[in-house]
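To start, the structure under review is shown below, and the notes come after it.
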Amino acid sequence: MKNIKAVPIKTESIGNFEQHRKSLVSVVVPAYNEALILTKNLSRLCEYMTSLEDEYRWEMIIVNDGSADKTGDLAEAFAMTRDNVYVLHHMYNFRLGQALRFAFNNCQGDYVVVMDLDLSYSPDHIEKLLAKIKETRAKIVIASPYMKGGKVSNVPWLRRTLSIWANRFLSFNAKSNLSTLTSMVRVYDGMFLNTLNLKAMDMEINAEIIYKAEVLRARIVEIPGHLDWGFQKTDGIKRRSSMRIFKSITSYLFFGFIFRPFIFFMFPGLVLMLFSIYTLMHVAGYIVVHFQSLPASFGSVDYRFGAAVAAAFNMSPHAFIVGGISLMVAIQLISLGILATQGKRYFEELFHISTTIYKHKKENHERQ
């Protein structure tokens with residue numbers, strides 16, 4: 001059972017009809033051991049959101065994910081200065097997925113924007129994301145540094161290379177036109193986000209959301225984003241990437257499998273099948289040669305064929321063994337690929353049904 005301290009959501013009284021017409025934007029900011037930059041960067045975010053108040057109402061949800069430093073205390077002190085900033089606490093570090101799910105459950109906004117507290121994506125991405133989701137009526141808009149017009153600055157080579165290839169891998173398996181599936185900086189349609197039953201505990205939540213949105217045939221679009229780790233120079237703080245390389249690779253492989261499971265079975269199965277056929281064709285060639293070299297007086301056709309097989313085996317036993325084993329493994333992999341594909345389709349159907357039921361139940365509960 002999770003030990004969670006939740007701060008109740010405050011309600012804002014709206015004074016006039018014009019204010020009621022403005023969309024409410026929930027800005028979600030996860031934080032873990034960010035005491036050195038928290039107050040400064042939250043102030044920048046709030047100043048930027050204030051500049052958008054002619055068009056939007058807004059609230060900010062800060063999730064202190066079990067920080068071991070003074071992040072929680074500083075966040076509470078900051079929230080005391082504003083009536084639309086709220087702090088949620090995890091007593092322990094449950095990681096990004098749990099922090100986002102906790103925040104999503106407490107958001108009231110028509111749109112939900114997720115920002116990284118280090119502001120590696122500058123605050124002006126928020127207005128661009130909101131403009132795009134309103135223009136396209138998409139359910140999700142992603143800030144993408146890897147699409148045309150996007151940019152990456154001051155990111156270590158290993159981190160950048162891993163991220164680029166991870167996104168290419170996921171995009172290929174998802175059969176989507178998205179350039180970036182792992183970016184946390186996004187805007188969601190609030191009502192749509194509430195229909196998703198999310199399970200991921202860490203960074204893989206970003207890929208999980210894309211997968212489940214695609215299952216529901218939701219529209220997902222991108223805008224060019226600028227990922228800039230220049231904050232390390234301006235803050236004078238050398239900070240490590242939150243990406244744990246081995247864990248991230250494992251997560252990407254897993255979600256690649258979820259997106260298109262047959263690739264992991266069918267592709268190697270077909271490669272092995274071709275290899276086994278090539279090997280066994282050589283075996284068949286040896287058998288034919290030996291069979292033709294035996295005179296009719298040697299015995300019956302069955303006897304001569306058996307003798308030819310034995311002679312071919314004595315000449316190249318490894319071809320028989322390797323070809324036979326490869327053929328058996330290929331058949332098993334192809335069978336698993338077919339079963340995995342069927343399982344994925346069953347899951348998608350069940351997810352459609354469960355999402356519809358969940359949505360209707362929630363709507364009925366809100367009416368009551």
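The values are calculated or read from the model by the stated rules, or taken from the named source; none is laboratory data. Quantities reported herein were computed from a predicted structural model and do not represent experimental measurements. Cβ placement follows ideal geometry from the backbone for every residue including glycine, while neighbour counts extend to all protein chains displayed.
Filtered by the rule that a residue be more than 15 Å from HIS282 (Cα to Cα), surrounded by 15 or more Cβ atoms within 10 Å (Cβ to Cβ) and under 36 Å from the mean Cα position of the chain (by Cα), segment 292-337 gives VAL329, ALA330, LEU333, ILE334, LEU336, GLY337.
State which residue is nearest to ILE325 (Cα to Cα) when the search covers only segment 266-305 and only residues that are part of a helix (DSSP H, G or I), out of contact with any Gly (no Cβ under 9 Å at 6 or more places or on another chain) and among the small types (Gly, Ala, Ser). Per the criteria, the residue is ALA284. For segment 83-106, filtered to residues that are touching a helix residue (DSSP H, G or I) at 6+ places or on another chain (Cβ under 7 Å) and modelled with pLDDT of 95 or more, the residue that is surrounded by the fewest Cβ atoms within 10 Å (Cβ to Cβ) is HIS89. Per the listing ILE258, ILE325, the residue uniquely among the β-branched types (Val, Ile, Thr), over 30 Å from SER67 (Cβ atoms) and at pLDDT below 85 is ILE258. Determine whether segment 99-119 contains at least one residue that is closer than 19 Å to GLU208 by Cα, in a helix (DSSP H, G or I) and among the charged types (D, E, K, R). For segment 99-119, residues closer than 19 Å to GLU208 by Cα, in a helix (DSSP H, G or I) and among the charged types (D, E, K, R): present. Could you list, in sequence order, all residues of segment 36-68 that are among the aliphatic types (A, V, I, L, M) and either in a strand (DSSP E or B) or more than 17 Å from THR81 (Cα to Cα) (or both)? Answer for segment 36-68, where residues must be among the aliphatic types (A, V, I, L, M) and either in a strand (DSSP E or B) or more than 17 Å from THR81 (Cα to Cα) (or both): LEU36, ILE37, LEU52, MET60, ILE61, ILE62, VAL63, ALA68.
Among the residues of segment 123-146, those identified as surrounded by 17 or more Cβ atoms within 10 Å (Cβ to Cβ) and outside any helix (DSSP H, G or I) are PRO123, ALA138, LYS139, ILE140, VAL141, ILE142, ALA143, SER144, PRO145, TYR146. Residues that are closer than 23 Å to SER122 by Cα and touching an Asp or Glu at 6+ places or on another chain (Cβ under 9 Å) were ranked within segment 63-74; the one that is surrounded by the fewest Cβ atoms within 10 Å (Cβ to Cβ) is LEU74. Tallying residues that are closer than 16 Å to ILE210 by Cα and either of a type in the set (Val, Ile, Thr) or outside the structural domain of GLU47 (by TED's automatic domain parsing) (or both) within segment 125-156 yields 4. The residues of segment 153-169 that are assigned to a helix (DSSP H, G or I) and either touching a strand residue (DSSP E or B) at 6+ places or on another chain (Cβ under 6 Å) or without any contact (Cβ under 8 Å) to a residue 60 or more places away in the chain (or both), listed by number, are TRP157, ARG160, THR161, ILE164, TRP165, ASN167, ARG168.
In the set ALA79, ALA75, ALA99, ALA68, only one residue is touching a strand residue (DSSP E or B) at 6+ places or on another chain (Cβ under 6 Å) and closer than 13 Å to ALA35 by Cα; that residue is ALA75.
For segment 170-195, taking the residues that are assigned to a loop (DSSP other than H, G, I, E, B) and of a type in the set (S, T, N, Q), the one that is surrounded by the most Cβ atoms within 10 Å (Cβ to Cβ) is identified as THR180. Among ALA296, ALA312, which is the only one that is outside the structural domain of GLU208 (by TED's automatic domain parsing), touching a Phe, Trp or Tyr at 6+ places or on another chain (Cβ under 6 Å), modelled with pLDDT under 85 and farther than 22 Å from ALA174 by Cβ? That would be ALA312, the only listed residue that is outside the structural domain of GLU208 (by TED's automatic domain parsing), touching a Phe, Trp or Tyr at 6+ places or on another chain (Cβ under 6 Å), modelled with pLDDT under 85 and farther than 22 Å from ALA174 by Cβ.
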